[in-house]
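Colleague: Mind having a look at this structure? Questions to follow.
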Amino acid sequence: MSFPHSQSPSIAARSIGARVPRGDDPRLLTGRGQYLADIVLPGELHACFVRSSAAHARITRVSIDEARALDGVVAVWTGEDAAKFCEGIVGELEVEGCFATTMPLLARDIVRYVGEPVAVVVAESRYVAEDGCDLVDVDYEPLEPVLHPRSALEGGPSANEELPDNVALRGGKVLGDVEGAFNNAARVIEATFHSGRLSAGPMETRGVIASYDWTSRRLRLWTGSQMPHYIKYCLTAYLGFPENECEVLTPDTGGGFGQKAHIFPEEMLLPLLARELDRPVKWVEDRRENLMTATHAHEQFIDIAYAFDSDARATGVRIRATGDGGAYHQPPWSMGVEPWCTAMVTPTGVYDIPAADLIYEAAATNKTPIGAYRGVGYMAGTLVRECLMDDAARAFELSPFDIRRRSVVREFPWTNPQGIVYDEGSWLQTIDELERMVDYTAFRERQAALRAEGRFIGLGLSVFVESSGESTAMGKAHDLGGIYHDTATVKMEPNGSVTVTIGLTTQGQGHRTTMAQVVADSLGVPLEAITVRAAESTTYGWGSGTVGSRGAVIAGGAVLRASNVIRTKLVALAASMLEADPADIDLVDGAAVVLGVPGSSVSIIDLATAVYFDQSAWPADFDPTLEATLAYDPARPIFSNGGHAMIVEVAPDTGFVTVEKVFSVEDCGTVINPDIVEGQIRGGVVQGIGAALLERLVYDDSGQLVTTTLLDYHMPSMDFSPPFEIHHLETPSSHTPGGIKGMGESGLIAAPAAVLNAVNDALSHTGTVLHNIPITPEQVLRALRG
Amino acid sequence: MTQPSEHVSVQVEVNGRRYQRSVMARLTLSDFLRDELGLTGTKVGCEHGVCGACTVLIDNEPARSCLMLTVQANGKQIRTVESLASGREMSPLQACFQKHHALQCGFCTAGFLMSATALLEEGQPTREDIVETLSGHYCRCTGYSPIIDAVEEAAAKESS
Ligand code: FES
Ligand code: FES
């Protein structure tokens, strides 16, 4: 089926493609940004949470009297109080074999992970609220914690009695002649991988402010969410706030990376508290809470095997991806999306592999719920696929570039065994380009020379294809539910200036700048005349969320469709004023010009003024509305691609790994702003280096999280940051505005595999191959010492 | 002994302006700057001294305002990110941050700017000096190399 909101008009790239500096920067650089904690409402109260200290336990008593009696404490709520308004948030993934859970707003009877909210104290100041939490006494009767996903799936105690066998998700598919591929294989390359538990770790933690006015039943909720319209929907559906009087506001946000793309119990509790207490209530998460209770990410155990024929071409794949899901599904992404995507989407990657046996499963465990983090499912999937490609290269004694060229898809459109159609891509060129960039022969010579001196450097390669611009078509192509569309409003005022509102929030990705570039090219107005508001309030527009590398594509499409309505009017008016054919009019450099007639032009400002104030200039039947709101949802799934090559050095005395250089190739179609695209690459790659070398949330045997500060959860700092060489390929999509494709996740998707491969290459003389991340110095030393 | 919630009197100079306030003994300096003086440019990212977002200059030395009590700053001169621009012009360092796309979400930025400002005031830092000093700050967005480039260019500008 085709709908009008899937068609995007064409656009001539003028500002698009330029390194336009971000208009937001002076404000943020001078300390004028307004992030959640910076907002102060008159009379606001402060909330602080009492959180479970046990991984799995029955709550036998919660005593709150002392806390209630503390001077300055206004209210203390426990699970019973919250349950009067809401039983909990139901979560599941809309795929075959997923079983739902209900996450209470505050735990009742049983706690299921360390950090689960048990009570909330509301007080006149944050300091007093924390004092109050210290006075709440909770007695626990321990239950056995379930901590290992694969044994959890085999039986034993349950982590959450809603899922008695701990199966939150289980399914799969066999596509093509997998048996045949493996029976006839010249070689089978296989391994079991573990990718560690991560925190997205945005520098700004989560936070919520709620304010309610009983006279109008008006609720205002501030949250740095990537999905404010979804939050609003939950507030109305679960809590009954009237839709027309419910507004979710998104202030400046200090990073999200997927963590802020969920609905959290805190976001549901604060509006209830504000309503019942008749005062605004604010909660700002601290870092310990963030590491402990904001969603965790990416942890999986994965068995994977590739069959190769005697020409070293991959002919079949088998994968079993098991997610360590935590105690509940965190809506909307749930613990299912991680292993589901790894198994169902990524095993074929850029390779023409005709047969696939795909199994996904997620186990409930007594840990913090798993949610989305940049490259959800794709990172682990790319890790295991690309790592086995390098293992295969060693087995076949081929270069990492050659082994990939044997199997890479060369002709488009290409349909993978899962039935997903890829319209275009520069998959082979990416491999060729990376080989050129690293100067492979010279690298091998340098590696040999250094090895003779007792120094170990290695080269790792990782190439990817990424679904981008998450859309209804993308969901359908992957047998996933979900309907997406986003709107934008473009409004021109009498002096020719333009205000744009988009339904997507921004967490640092520079949408205000890139969307202004799109409008500048559509309407021919200068960037200074354009203001973009990125979903600062749900009062404007509709948005399906800043997720799935969709910002540029989806907001771009909606903005372009809306601004094209304005463009058409300006062109009609200019044609009438200049007595020309509308087909001959272009809008460029602040004016409407008649092509081929030098000197025949009228400024955009004069056109706008005439729309508002000079009816005599109008053509017949002219409608002077210079404001349009339109939706966009691409007609087809969009895929970007690229790859990274990394050179690392391992220190034989300490086992530490240093990344010497990163080479990145990115093909996200038409690049709107190279500075912003490169910023996304560097940021994502360094997060990937963190995932590969440093970051890991660790639980002990009793289910206590032991990494609850930034000293224990070690993110990369500047001394881990390598120099980059970035090369852009441009294979525009024929289905998106101007050919744009999304790319926000690519850095993190593919970087960890490149690091792991580089370390394995550095260790290749030892015969040890590592398959787990993060790669710890101990693992490296063990390999080096045999 | 003073109790944590007792009030004590402090006198500080912040961004050239003198303040005399009575504050809770346990009030952190970051909360004082943000909540009492409304200088919200200083950010709090961890409250345990690791991320560097809360860095301010105290008597010209970088310090983590989340780890300090307001009373410890008594009698001292404090500079925050709000002091860097002069008039309506960003400082050369701020301008270099924009030019090099050294910020995305901007939450870490004030901390980096304050440490880098102190570094530039000390003399002419090398790239290694920059990396060593600023490795005490986390940025989750940029991957750092644009920040190094920005500070390096600001250092070059200062010496020219
Ligand atoms: S907030 Fe002070 S160091 Fe993180
Ligand atoms: S710019 Fe976002 S944390 Fe540094």
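The values are calculated or read from the model by the stated rules, or taken from the named source; none is laboratory data. Since the model is a prediction, treat every value here as computed from it, not as a measurement. We place every Cβ from the backbone using ideal geometry, glycine too, and count neighbours over all the protein chains shown.
Results for (1) in the same structural domain as residue A:161 (by TED's automatic domain parsing); (2) within 18 Å of residue A:697 (Cβ to Cβ); (3) crowded, with 24+ Cβ neighbours inside 10 Å, shown as yes or no for each residue.
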{"position": "A:281", "(1), (2), (3)": "no, no, yes"}
{"position": "A:284", "(1), (2), (3)": "no, no, no"}
{"position": "A:303", "(1), (2), (3)": "yes, no, no"}
{"position": "A:309", "(1), (2), (3)": "yes, no, no"}
{"position": "A:320", "(1), (2), (3)": "yes, no, no"}
{"position": "A:324", "(1), (2), (3)": "yes, yes, yes"}
{"position": "A:329", "(1), (2), (3)": "yes, no, yes"}
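Colleague: Is it the case that residue B:38 is assigned by TED's automatic domain parsing to the domain that holds residue B:73, under 23 Å from residue A:715 (Cα atoms), away from ligand 2 (no atom under 16 Å from the Cβ) and part of a loop (DSSP other than H, G, I, E, B)?
Modeller: The answer is no for residue B:38.
Colleague: Another one. Hey, among the residues in the stretch B:42-89 that are within 16 Å of ligand 2 (Cβ to nearest atom) and of a type in the set (Val, Ile, Thr), which one's nearest to residue A:254 (Cα to Cα)?
Modeller: Residue satisfying both the conditions and the ranking: B:44.
Colleague: Taking residue A:65 as the residue in question, decide whether it is crowded, with 18+ Cβ neighbours inside 10 Å and either among the charged types (D, E, K, R) or assigned by TED's automatic domain parsing to the domain that holds residue A:208 (or both). Quick ask: steps written out before the conclusion?
Modeller: Details: crowded, with 18+ Cβ neighbours inside 10 Å: no; either among the charged types (D, E, K, R) or assigned by TED's automatic domain parsing to the domain that holds residue A:208 (or both): yes.
No; evaluated as a whole, the condition is false for this residue.
Colleague: Something else: Any residue that is farther than 15 Å from residue A:308 by Cα, within 16 Å of ligand 2 (Cβ to nearest atom) and not in a loop (DSSP other than H, G, I, E, B) - is there at least one of those in the stretch A:197-207?
Modeller: Checking the stretch A:197-207: at least one residue is farther than 15 Å from residue A:308 by Cα, within 16 Å of ligand 2 (Cβ to nearest atom) and not in a loop (DSSP other than H, G, I, E, B).
Colleague: Right, residue B:83: touching a helix residue (DSSP H, G or I) at 6+ places or on another chain (Cβ under 7 Å) and either outside the structural domain of residue B:147 (by TED's automatic domain parsing) or closer than 27 Å to residue B:23 by Cα (or both) or not? Break it down into steps so the answer makes sense when it comes.
Modeller: Working: touching a helix residue (DSSP H, G or I) at 6+ places or on another chain (Cβ under 7 Å): no; either outside the structural domain of residue B:147 (by TED's automatic domain parsing) or closer than 27 Å to residue B:23 by Cα (or both): yes.
Criteria not met by residue B:83.
Colleague: Further question: Under the condition of being surrounded by fewer than 14 Cβ atoms within 10 Å (Cβ to Cβ) and either within 16 Å of ligand 2 (Cβ to nearest atom) or not polar (S, T, N, Q) (or both), which residue from the stretch B:131-160 is farthest from the other protein chains (Cβ to nearest Cβ)? Give the steps one after another, and end with the answer.
Modeller: Of the residues in the stretch B:131-160, the ones surrounded by fewer than 14 Cβ atoms within 10 Å (Cβ to Cβ) are B:156-157, B:159-160.
Okay, now just the ones that are also either within 16 Å of ligand 2 (Cβ to nearest atom) or not polar (S, T, N, Q) (or both), so B:156-157.
Numbers: B:156: 18, B:157: 16 Å.
The qualifying residue farthest from the other protein chains (Cβ to nearest Cβ) is B:156.
Colleague: Testing residue A:505 on (1) assigned to a strand (DSSP E or B); (2) of a type outside the set (Lys, Arg); (3) buried (at least 23 other Cβ atoms within 10 Å of the Cβ), one condition comes back false. Which one is that?
Modeller: Going through (1) assigned to a strand (DSSP E or B); (2) of a type outside the set (Lys, Arg); (3) buried (at least 23 other Cβ atoms within 10 Å of the Cβ) one by one, residue A:505 breaks only (1).
Colleague: Do the conditions hold for residue B:66, that is, is it within 11 Å of ligand 1 (Cβ to nearest atom), assigned to a loop (DSSP other than H, G, I, E, B), surrounded by 23 or more Cβ atoms within 10 Å (Cβ to Cβ) and within 13 Å of chain A (Cβ to nearest Cβ)? Working first, answer last.
Modeller: On the way: within 11 Å of ligand 1 (Cβ to nearest atom): yes; assigned to a loop (DSSP other than H, G, I, E, B): yes; surrounded by 23 or more Cβ atoms within 10 Å (Cβ to Cβ): yes; within 13 Å of chain A (Cβ to nearest Cβ): yes.
The answer is yes for residue B:66.
Colleague: Just checking, does the stretch A:633-651 include any residue being modelled with pLDDT of 95 or more, within 30 Å of residue A:721 (Cα to Cα) and surrounded by fewer than 16 Cβ atoms within 10 Å (Cβ to Cβ)?
Modeller: The answer is yes, given that some residue of the stretch A:633-651 is modelled with pLDDT of 95 or more, within 30 Å of residue A:721 (Cα to Cα) and surrounded by fewer than 16 Cβ atoms within 10 Å (Cβ to Cβ).
Colleague: Another question, then. Just one of A:709, A:766, A:736 is crowded, with 24+ Cβ neighbours inside 10 Å and not hydrophobic (A, V, I, L, M, F, W, C); which is it? Spell out how you get there, then give the answer.
Modeller: Details: A:709 fails: crowded, with 24+ Cβ neighbours inside 10 Å; A:766 fails: crowded, with 24+ Cβ neighbours inside 10 Å.
Of the residues listed, the single one that is crowded, with 24+ Cβ neighbours inside 10 Å and not hydrophobic (A, V, I, L, M, F, W, C) is A:736.
Colleague: Follow-up question, since we're still on this one. Tally time: how many residues in the stretch A:454-469 are crowded, with 24+ Cβ neighbours inside 10 Å and either part of a loop (DSSP other than H, G, I, E, B) or free of Cβ contacts under 8 Å to residues at least 12 places away in the same chain (or both)?
Modeller: So the answer is 1.
Colleague: Out of (1) assigned to a helix (DSSP H, G or I); (2) small (Gly, Ala, Ser); (3) in contact with a strand residue (DSSP E or B) (Cβ under 6 Å, 6 or more places away or on another chain), what's the single condition that is false for residue A:576?
Modeller: Looking at each condition in turn, residue A:576 falls short on (3).
Colleague: Which is at pLDDT below 95 and in a helix (DSSP H, G or I), of A:448, A:380, A:395, A:473? Spell out the reasoning first.
Modeller: Details: A:448 fails: at pLDDT below 95; A:380 fails: at pLDDT below 95; A:395 fails: at pLDDT below 95.
Exactly one residue qualifies, and that residue is A:473.
Colleague: Kindly indicate whether any position in the stretch B:32-39 is of a type in the set (Phe, Trp, Tyr) and either under 23 Å from residue B:121 (Cβ atoms) or touching a Lys or Arg at 6+ places or on another chain (Cβ under 9 Å) (or both). If you could, list the steps in order and put the result at the bottom.
Modeller: Within the stretch B:32-39, the first condition is being of a type in the set (Phe, Trp, Tyr), and the residues that meet it are B:32.
If we keep only those that are either under 23 Å from residue B:121 (Cβ atoms) or touching a Lys or Arg at 6+ places or on another chain (Cβ under 9 Å) (or both) too, we end up with B:32.
Yes, the stretch B:32-39 contains a residue that is of a type in the set (Phe, Trp, Tyr) and either under 23 Å from residue B:121 (Cβ atoms) or touching a Lys or Arg at 6+ places or on another chain (Cβ under 9 Å) (or both).
Colleague: Right, another one. Here are some residues: B:26, B:34, B:17. Which one is more than 18 Å from residue B:115 (Cα to Cα), surrounded by fewer than 23 Cβ atoms within 10 Å (Cβ to Cβ), more than 12 Å from chain A (Cβ to nearest Cβ) and not hydrophobic (A, V, I, L, M, F, W, C)? Even if it seems obvious, please write down each step before you answer.
Modeller: Details: B:26 fails: more than 12 Å from chain A (Cβ to nearest Cβ); B:34 fails: more than 12 Å from chain A (Cβ to nearest Cβ).
It is B:17.
Colleague: Identify the residue in the stretch A:243-276 that is touching a Cys at 6+ places or on another chain (Cβ under 8 Å) and β-branched (Val, Ile, Thr) and, among all such residues, is farthest from residue A:546 (Cα to Cα).
Modeller: A:263
Colleague: Going through the stretch A:125-142 one residue at a time, which ones are of a type in the set (A, V, I, L, M) and either surrounded by fewer than 17 Cβ atoms within 10 Å (Cβ to Cβ) or assigned to a strand (DSSP E or B) (or both)?
Modeller: First, the residues of the stretch A:125-142 that are of a type in the set (A, V, I, L, M): A:128-129, A:135-136, A:138.
A:138, the sole residue that qualifies.
Colleague: Name the single residue that is nearest to ligand 1 (Cβ to nearest atom) among those in the stretch B:80-130 being on the phi > 0 side of the Ramachandran plot and more than 10 Å from every other protein chain (Cβ to nearest Cβ). Step through it out loud before you land on a result.
Modeller: First, pick out the residues of the stretch B:80-130 that are on the phi > 0 side of the Ramachandran plot: B:87, B:101, B:106, B:123.
Subsequent filtering for residues that are more than 10 Å from every other protein chain (Cβ to nearest Cβ) retains B:87, B:123.
Numbers: B:87: 29, B:123: 25 Å.
The residue in question is B:123.
Colleague: Is it the case that some residue within the stretch A:11-28 is within 14 Å of another protein chain (Cβ to nearest Cβ), more than 25 Å from the chain's Cα centre (by Cα) and part of a helix (DSSP H, G or I)?
Modeller: Yes, there is a match, as at least one residue in the stretch A:11-28 is within 14 Å of another protein chain (Cβ to nearest Cβ), more than 25 Å from the chain's Cα centre (by Cα) and part of a helix (DSSP H, G or I).
Colleague: Quick check, is residue B:45 within 14 Å of chain A (Cβ to nearest Cβ), within 15 Å of the chain's Cα centre (by Cα), crowded, with 18+ Cβ neighbours inside 10 Å and small (Gly, Ala, Ser)?
Modeller: Values: within 14 Å of chain A (Cβ to nearest Cβ): yes; within 15 Å of the chain's Cα centre (by Cα): yes; crowded, with 18+ Cβ neighbours inside 10 Å: yes; small (Gly, Ala, Ser): yes.
Spelling it out, residue B:45 is indeed within 14 Å of chain A (Cβ to nearest Cβ), within 15 Å of the chain's Cα centre (by Cα), crowded, with 18+ Cβ neighbours inside 10 Å and small (Gly, Ala, Ser).
Colleague: A further question follows. Filter the strands (runs of 3 or more DSSP E) completely within the stretch A:57-103 down to those with at least 3 residues that are out of contact with any Gly (no Cβ under 9 Å at 6 or more places or on another chain), of a type in the set (A, V, I, L, M, F, W, C) and modelled with pLDDT under 95.
Modeller: Where strands (runs of 3 or more DSSP E) fall fully within the stretch A:57-103, none carries at least 3 residues being out of contact with any Gly (no Cβ under 9 Å at 6 or more places or on another chain), of a type in the set (A, V, I, L, M, F, W, C) and modelled with pLDDT under 95.
Colleague: Anything in the stretch A:415-437 that is surrounded by 16 or more Cβ atoms within 10 Å (Cβ to Cβ) and either among the hydrophobic types (A, V, I, L, M, F, W, C) or part of a loop (DSSP other than H, G, I, E, B) (or both)? List them, or say none.
Modeller: Residues satisfying the conditions are A:416, A:417, A:418, A:420, A:424, A:425, A:426, A:427, A:428, A:431, A:434, A:437.
Colleague: Looking at the stretch A:79-104 only, could you name the residues that are among the hydroxyl-bearing types (Ser, Thr, Tyr) and crowded, with 21+ Cβ neighbours inside 10 Å?
Modeller: Of the residues in the stretch A:79-104, the ones among the hydroxyl-bearing types (Ser, Thr, Tyr) are A:101-102.
Once the filter is applied, which keeps residues that are among the hydroxyl-bearing types (Ser, Thr, Tyr) and crowded, with 21+ Cβ neighbours inside 10 Å, the stretch A:79-104 yields only A:101.
Colleague: Another question, if that's okay. Quickly run through the stretch A:29-47 and pick out the residues that are more than 10 Å from every other protein chain (Cβ to nearest Cβ) and touching an Asp or Glu at 6+ places or on another chain (Cβ under 7 Å). Spell out the reasoning first.
Modeller: At the first step, the residues of the stretch A:29-47 found to be more than 10 Å from every other protein chain (Cβ to nearest Cβ) are A:36, A:41-47.
Of everything in the stretch A:29-47, just one residue is more than 10 Å from every other protein chain (Cβ to nearest Cβ) and touching an Asp or Glu at 6+ places or on another chain (Cβ under 7 Å), namely A:45.
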